[in-house]
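A quick write-up on the structure given underneath.
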Amino acid sequence: MEPLTIGILSVVGIIALILIGFHVATALALVGFVAILSITGRFGVASSLLYNTAQAGVADYVYAVIPLFVVMGLFATQAGATRDLFVASAVLMGRLRGGLGVATVGANAVFAAVTGVSVASAAVFSKLAIPEMSRLGYNRRFALGIVGSSALLGMLIPPSILMIVYGVLSEQSIGRLFAAGVVPGLLVALVLSVMILVRAHRSPGLVGQEGEVSAVPLEPRRRAVLRVWPLLLLIGLVLGGMYAGWFTPTEGGAVGAAGALILALAKRSLNLAATKSILLDTGRTCAAIFLLLIAAQIYSKALTLSGLPAAVSAWVLGLGLDPIVVILAFVLVILILGCFIDSVSILLLTMPIMVPVVTALGYDLIWFGMVAIVAVEIGLLTPPFGMVVFAMKASLPPDVKVEEIFAGVMPFIVALFAALGLLIAFPGMSTFLPELLF
């Protein structure tokens, strides 16, 4: 059998295995191993590649950034940073109609610079923001939509696990990707905030009594801001230090983790049990990500041996399509996959084939990374999978149905598509800051 045919069959095989319930990492590794064995005809070569990839696939220095940023977010959460951010944002909104919704978006944006995980943001803010919105009389679907859509900022504003994974797969600088994510993340936050304010203005019943209460006095506002300045200082130090060239992203993760630990100790929120739980959660999260990365590298080697990425690039170029049509087709594929599998797995499945094509078309891979990540994040809200939706469901009372959460986020998906369209139409939004800083 021709190597190219084996490559095509491997793609079909992976999709089939995932659809019948195989774990994505298992499907990638199994199909990759069988494909390499079929192409080379030597069991020793296939097993050697499997062994070497498992042993050294994630031993690179750059991968240390993943556990460091994960533990930074967990320590900051343990220190009560999330609640402080939400309270400060809510207090500063004052009498603005729809202000609590905008505050949720703002708090999520800042929290994203600590965690880098959308599902974590969804779980935390479901417990913080939904009860407060309910108290003020917010329409429940509207409140659910606000929390679900703003949770996506967790993967858009750096540091982001998706940006790290994309950087590894596309061989792009993690620092440049972090810089590129700032403007798209802020754009999504702005689009969501504008939509909340417009809907609150046009349908005041969506926000109940909010906007009719008296403005918060100066002293409570001052206290609320003072509670969050250590976290803001830590975020500024980590991101500013990376962009200024003081340290690498991995070193920035170490600085952030140490700073978050100090913050938790200063607030006396750490004990032995909490520390053990944080370390175990970090281990579980990173083990899952590293397993996926190892499996993806095995599969990527199989694809390279088959010649499929080069063949797809040649085929696409031979069609004579407008390059932007190809990009839109890739975005559509990512959105469809988002209905069924998680965000990291989508990148691991698609980027080994898409990146060579995008490169051949002459597009900037940093820009395409931002487009792909926003599309992947939208997939976290779409049925039937919608990881963010199910994370919210697990954190909310039993009377809140999954269908109700999906209905709540649907109007906000329209706003997210508008933001995605702007990023595609104006590549400079993603490339301006990396070019300026690097």
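Every read-out reported here was derived from the displayed coordinates using simple, explicitly stated rules and does not represent laboratory data. Only a predicted model underlies this, so the values are computations on that prediction, with no experimental measurement involved. Neighbour counts run over all protein chains shown; Cβ positions are idealised from the backbone, glycine included.
A few notes on this one:
- Euclidean distance between Cα centres, the stretch 338-360 to the stretch 1-69, Å: 15
- The simple spin-label model puts a point 7 Å past each Cα toward its Cβ; for Ala314 and Phe340 those points are separated by 2.9 nm.
- Test item: Cα-centred dipole of the chain, Lys/Arg +1 and Asp/Glu -1 on Cβ, debye: 1180
- In order along the stretch 291-299, phi translates into HN-Hα couplings of 4, 5, 5, 4, 4, 5, 5, 4, 5 Hz, rounded to whole numbers, per the Karplus curve 6.51 cos²θ - 1.76 cosθ + 1.60 with θ = phi - 60° and x for Gly and Pro.
- Inter-probe distance in nm under a simple model that places probes 7 Å from Cα toward Cβ, at Leu436 and Trp246: 1.9
- Note on Asp281 and Ile20: the extension gain reaches 91.1 nm, defined as 0.36 nm multiplied by sequence separation minus the Cα-Cα distance.
- Seen from a random direction on average, the alpha-carbon convex hull of the stretch 3-437 projects onto 21.6 square nanometres.
- Among Ile378, Val409, Thr350 - extreme Cα towards positive end, dipole of the stretch 308-438, charges at beta-carbon: Thr350
- Full extension of the chain segment joining Val414 with Val12 gains 141.6 nm, where the gain is 0.36 nm per residue of separation less the Cα-Cα distance.
- Residues within the reach of a label modelled at Arg202 (point 7 angstrom out along Cα to beta-carbon, backbone nitrogen below 20 Å), restricted to the stretch 122-154, are 138-150.
- Of all the options Tyr363, Tyr63, Tyr51, the one that moves most in a Gaussian network model of the chain with Cα springs shorter than 10 angstrom is Tyr51.
- Residue among Gly101, Gly283, Gly318 with the largest mean-square fluctuation in a Gaussian network model of the chain, springs linking Cα atoms under 10 Å: Gly318
- With each label modelled as a point 7 angstrom along the Cα→C-beta vector, the Leu265-Lys401 pair spans 5.1 nm.
- Phi-based couplings in Hz for the stretch 413-420 (Karplus 6.51, -1.76, 1.60; Gly and Pro marked x): 4, 4, 5, 5, 5, 4, 5, 4
- Averaging the sequence gap over all C-alpha pairs within less than 8 Å and six or more residues apart, then dividing by the number of residues, gives the chain a relative contact order of 26 percent.
- Share of pairwise Cα-Cα distances greater than 18 Å in the stretch 77-178 is 47 percent (whole percent).
- His23, His201 arranged by Cβ crowding within 10 Å, fewest neighbours leading: His201, His23
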